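These notes are about the structure you will find just below.
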Amino acid sequence: MVTLKELSKRKDPLTGGHRACSGCGFPQIVRMVCMASKDPVVVVCATGCLEVTTTIFPYSAWTTPFLHVAFENAAAALSGVESAYEALKKKGKIKGPINFVAFGGDGGTYDIGIQSLSGAMERGHNLLYVCYDNEGYMNTGVQRSGATPRGANTTTEPAGKVKAGKMRPRKDLTGIMAAHGIPYAAQASVGYYMDLIRKAEKAFTIPGPKFMNVLQPCRLGWVYDQSRTIELGKIAVDTCFWPLYEVENGKWKLSQKPREKKPLIEFLKPQDRFRHLFKPGNEPLLADLQAEVDRNWEALLERAGEKGGAV
Amino acid sequence: MPIAAKTGNEAMAEAMRQINPDVVAAYPITPATEVVMIFAQFVADGLVDTEYIPVESEHSAMSACVGASAAGARVMTGTSSQGLALMYEILPIASALRLPIIMSEVNRALSGPINIHCDHSDTMGGRDFGWIQIFSENAQEAYDNLLQAVRIAEDPRVKLPAMVTTDGFIISHCMEKIEMLEDSEVKAFVGERKPAANLLDTEHPITIGALDLQDYYFEHRRQVAEAMGGSAPIILEVADEFAKKTGRKYGLFDEYKLADAEIAMVALGSTCGTAKVVIDELRAKGIKAGMLKIRVFRPFPAEKIAEALAKIPAVAVLDRSDSLNAQGGPVFTEIRSALYDKAKKPKIINYIYGLGGRDIMLTDIRSIFSDLQSVDKQKLVNYLGVRE
């Protein structure tokens with residue numbers, strides 16, 4: 001695996017001076033993913049925070065070729081870029097390897113872009129799709145998405161006098177992508193950056209379609225102190241709220257198993273979007289949320305062949 | 001030159017084979033499906049070098065075309081009706097990013113109610129998205145127009161996407177005799193695409209599709225308008241070169257017995273063939289009938305059309321779609337607007353006809369010319385042959 005020292009010598013895909021919020025998690029995700037590639041990368045990005053904050057004309061923070069088309073079609077647009085590469089390479093007009101990466105937020109990936117993503121994965125293009133999952137439409141003011149966890153307060157499914165935020169659990173997008181039978185699907189978190197780099201590096205060595213779902217705490221939508229992004233990215237994993245795993249050619253493998261599974265409230269408590277859950281009377285819901293995490297974790301252990309034994 | 005019997009769809013697919021684009025991304029839809037099917041077979045048989053992307057929707061077809069064109073490839077697609085409508089979101093992005101993409105579009109009614117037959121509501125719905133739009137009267141024109149569209153769209157002075165349309169079933173499924181070029185002639189005519197910059201040049205990275213706010217967006221939109229306006233002479237330049245090779249001459253529009261006409265109609269697409277028969281009949285009876293057939297609807301050749309029509313006393317504009325704006329079809333409103341500044345101008349009336357594939361017969365055309373002989377008594381907007 002590439003060392004941090006080696007990484008520091010690789011081309012940084014983003015310059016400083018982009019307009020992402022202080023404490024935002026996605027610049028690190030973009031940097032770590034792109035720098036994990038030893039070959040040049042070409043990036044396609046869905047509409048969202050990342051595109052908006054890095055490409056305000058006439059400026060661009062990107063040092064790699066970059067294309068943005070619309071919200072729901074990053075995977076389709078990248079499949080066109082990759083096909084053009086194949087065609088032009090065959091004709092000898094392009095030489096040298098290129099890695100193709102799409103970045104989309106959870107809105108552009110779980111929701112409006114899922115058809116485009118599913119199609120590109122099924123067709124088998126040689127590309128890596130990375131979802132920077134901050135569990136909501138943060139760019140437009142914290143609206144709910146299919147990735148928003150149950151109980152979270154958002155502006156389109158807010159907590160109120162009779163409702164405790166989002167009523168339904170999130171979609172298991174990584175599982176959905178794995179079900180496409182693609183050679184590589186993985187879940188990572190910005191909090192565990194060496195794991196993230198290792199996964200991106202591995203993805204780039206595998207021909208065909210790859211998918212990575214990377215949890216990105218969002219200080220704006222999750223409402224916490226901007227200094228705690230990486231810490232929350234770790235707690236999400238340590239509570240098994242966001243387990244790290246890979247599905248390689250259909251084989252599920254845990255990337256790490258917390259030595260001590262922390263209670264979910266350690267993840268919920270520092271975030272104001274869950275504040276209402278701690279009001280008296282919401283104890284059953286909190287217990288429910290913990291039970292949901294436990295169920296999902298047990299199911300994952302089962303799928304990864306880890307049931308019953310310690311790693 | 002090889003003579004062949006081809007349907008409109010076959011003619012389009014043959015043109016695509018000869019163009020041999022780098023990338024084709026397409027999705028099936030009646031009545032354009034055959035174009036995709038025939039081309040897919042060319043790919044399967046190794047007759048083209050194309051990377052063919054069998055996408056999961058027209059939205060992804062256009063999105064993949066945008067990606068491939070940004071990457072510097074020669075890119076084609078084909079669709080119809082709801083498929084074109086599903087692309088609507090991405091069509092203006094393709095033109096604003098100045099990405100040549102060539103589309104064969106088979107005109108079909110838009111739902112609802114659902115209907116699979118010909119009218120122009122799909123293409124007209126996309127008329128303001130910065131795409132060059134070329135209409136064809138028959139399979140021969142469809143073939144010729146598609147070859148020319150490659151040169152027009154990719155010309156560095158234009159750099160706009162272009163769609164060539166045929167009429168659903170009427171042209172797409174009707175077999176006609178067409179004169180094709182040899183493969184080698186097409187190869188030489190279309191040449192190779194040479195973009196100034198592209199996404200795959202990792203040594204010279206570019207950002208395409210940046211967020212464009214109040215300080216620049218307007219200028220970029222103005223540039224698209226400028227490119228569209230400036231494409232007309234290039235369309236004619238390409239037509240001239242094509243005529244030298246084939247003897248088949250094309251303009252922005254064609255005049256049929258129009259110079260001395262006293263009554264005339266304006267139409268697009270397959271209806272023009274029917275109209276010519278009636279015009280010949282009327283001429284034999286000494287009635288000075290004529291027609292202006294629009295080939296290029298975008299850019300709209302307003303000034304030249306106005307000149308051609310100004311001195312004719314009575315003109316009927318035929319629209320195979322309805323704007324539902326309570327003042328007539330899209331061709332009608334543009335033609336009337338084009339004539340506004342002419343001191344002498346015709347009395348102009350509008351016929352909305354043929355929606356959802358309703359046949360337009362010789363008798364219908366005869367009735368229009370008959371109406372024009374007493375144009376002052378006619379309504380401004382007429383729905384031809386509809387049960388009221």
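Before moving on, here are some points about what is shown:
- Tally, over segment A:50-84, of residues that are within 7 Å of chain B (Cβ to nearest Cβ), outside any helix (DSSP H, G or I) and touching a strand residue (DSSP E or B) at 6+ places or on another chain (Cβ under 8 Å): 12
- Scope segment A:31-49; condition touching a residue at least 40 places away in the same chain (Cβ under 8 Å), over 28 Å from B:Met87 (Cα atoms) and assigned to a helix (DSSP H, G or I); matching residues: A:Met32, A:Val33, A:Cys34, A:Met35
- Residue check for A:Gly108: small (Gly, Ala, Ser), over 30 Å from A:Gly221 (Cα atoms) and either more than 7 Å from chain B (Cβ to nearest Cβ) or not in a helix (DSSP H, G or I) (or both): no
- Within segment A:224-270, the set of residues being polar (S, T, N, Q), closer than 17 Å to A:Ile29 by Cα and surrounded by fewer than 18 Cβ atoms within 10 Å (Cβ to Cβ) comprises A:Gln226, A:Ser227.
- Search result, residues across segment B:106-143 that are surrounded by fewer than 24 Cβ atoms within 10 Å (Cβ to Cβ) and either aliphatic (A, V, I, L, M) or part of a helix (DSSP H, G or I) (or both): B:Leu110, B:Ile114, B:Ile116, B:Met124, B:Gly125, B:Gln140
- Once segment A:114-128 is narrowed to residues that are more than 10 Å from chain B (Cβ to nearest Cβ) and not aliphatic (A, V, I, L, M), the residue that is nearest to A:Pro40 (Cα to Cα) is A:Asn126.
- Meets criteria (closer than 23 Å to B:Val381 by Cβ and in contact (Cβ under 8 Å) with a residue 40 or more places away in the chain) for B:Ile287: no
- No other residue among B:His204, B:His120, B:His173 is under 28 Å from B:Ser323 (Cα atoms) and out of contact with any strand residue (DSSP E or B) (no Cβ under 8 Å at 6 or more places or on another chain) apart from B:His173.
- Just one residue in the set B:Asp155, B:Asp167 is out of contact with any strand residue (DSSP E or B) (no Cβ under 8 Å at 6 or more places or on another chain), of a type in the set (Asp, Glu) and assigned by TED's automatic domain parsing to the domain that holds B:Ser95; that residue is B:Asp155.
- Residue ID - farthest from A:Ser227 (Cα to Cα), chosen from residues in segment A:166-183 that are touching a helix residue (DSSP H, G or I) at 6+ places or on another chain (Cβ under 9 Å) and either buried (at least 23 other Cβ atoms within 10 Å of the Cβ) or of a type in the set (A, V, I, L, M) (or both): A:Ile182
- Any pair with Cβ under 7 angstrom, 6 or more apart, that starts in segment B:342-364 at a residue that is among the hydroxyl-bearing types (Ser, Thr, Tyr) and ends at one that is part of a loop (DSSP other than H, G, I, E, B): B:Tyr351/B:Leu384; B:Tyr353/B:Arg320; B:Tyr353/B:Ile360; B:Tyr353/B:Leu384; B:Tyr353/B:Gly385
- Scanning segment A:246-274 for residues that are closer than 18 Å to A:Ile230 by Cβ and out of contact with any Phe, Trp or Tyr (no Cβ under 8 Å at 6 or more places or on another chain) yields a count of 3.
- Taking the criterion of being surrounded by fewer than 23 Cβ atoms within 10 Å (Cβ to Cβ) and of a type in the set (A, V, I, L, M), the residues of segment A:42-65 that qualify are A:Val52, A:Ile56, A:Ala61.
- Flag if A:Leu244 is touching a Gly at 6+ places or on another chain (Cβ under 8 Å) and over 17 Å from A:Leu50 (Cβ atoms): no
- Pair list, Cβ < 7 Å and 6+ apart or interchain, from segment A:230-254 residues that are among the small types (Gly, Ala, Ser) to residues that are surrounded by fewer than 20 Cβ atoms within 10 Å (Cβ to Cβ): A:Gly250/A:Gly181
- Unmet criterion (only one of (1) of a type outside the set (A, V, I, L, M); (2) under 17 Å from B:Lys379 (Cβ atoms); (3) in a loop (DSSP other than H, G, I, E, B)) for B:Lys342: (2)
- B:Leu318 vs. criteria over 23 Å from B:Gly112 (Cβ atoms) and exposed (fewer than 15 other Cβ atoms within 10 Å of the Cβ): no
- Filter pass, B:Val277 being of a type in the set (A, V, I, L, M), surrounded by 23 or more Cβ atoms within 10 Å (Cβ to Cβ) and modelled with pLDDT of 95 or more: no
- Test: residue in segment B:193-214 that is under 30 Å from B:Ile3 (Cα atoms), touching a residue at least 24 places away in the same chain (Cβ under 8 Å) and not assigned by TED's automatic domain parsing to the domain that holds B:Ser270: yes
- Tally, over segment A:23-35, of residues that are surrounded by fewer than 24 Cβ atoms within 10 Å (Cβ to Cβ) and in contact with a Lys or Arg (Cβ under 8 Å, 6 or more places away or on another chain): 2
- Of the helices (runs of 4 or more DSSP H) lying entirely inside segment B:10-105, those containing at least 3 residues that are surrounded by fewer than 24 Cβ atoms within 10 Å (Cβ to Cβ) are B:33-44, B:81-87, B:91-96.
- The conditions of being at pLDDT below 95 and within 10 Å of chain B (Cβ to nearest Cβ) are met by A:Gly96.
- Qualifying residue in segment B:30-42 (condition: within 14 Å of chain A (Cβ to nearest Cβ) and of a type in the set (Phe, Trp, Tyr)): no
- Residues that are under 16 Å from A:Tyr192 (Cα atoms) and in contact with an Asp or Glu (Cβ under 9 Å, 6 or more places away or on another chain) do not occur anywhere in segment A:288-303.
The values are calculated or read from the model by the stated rules, or taken from the named source; none is laboratory data. Predicted model only: the values in this text are computed from it and were never measured. Every residue, glycine among them, receives a Cβ derived from its backbone with ideal geometry; neighbour counts consider all protein chains shown.
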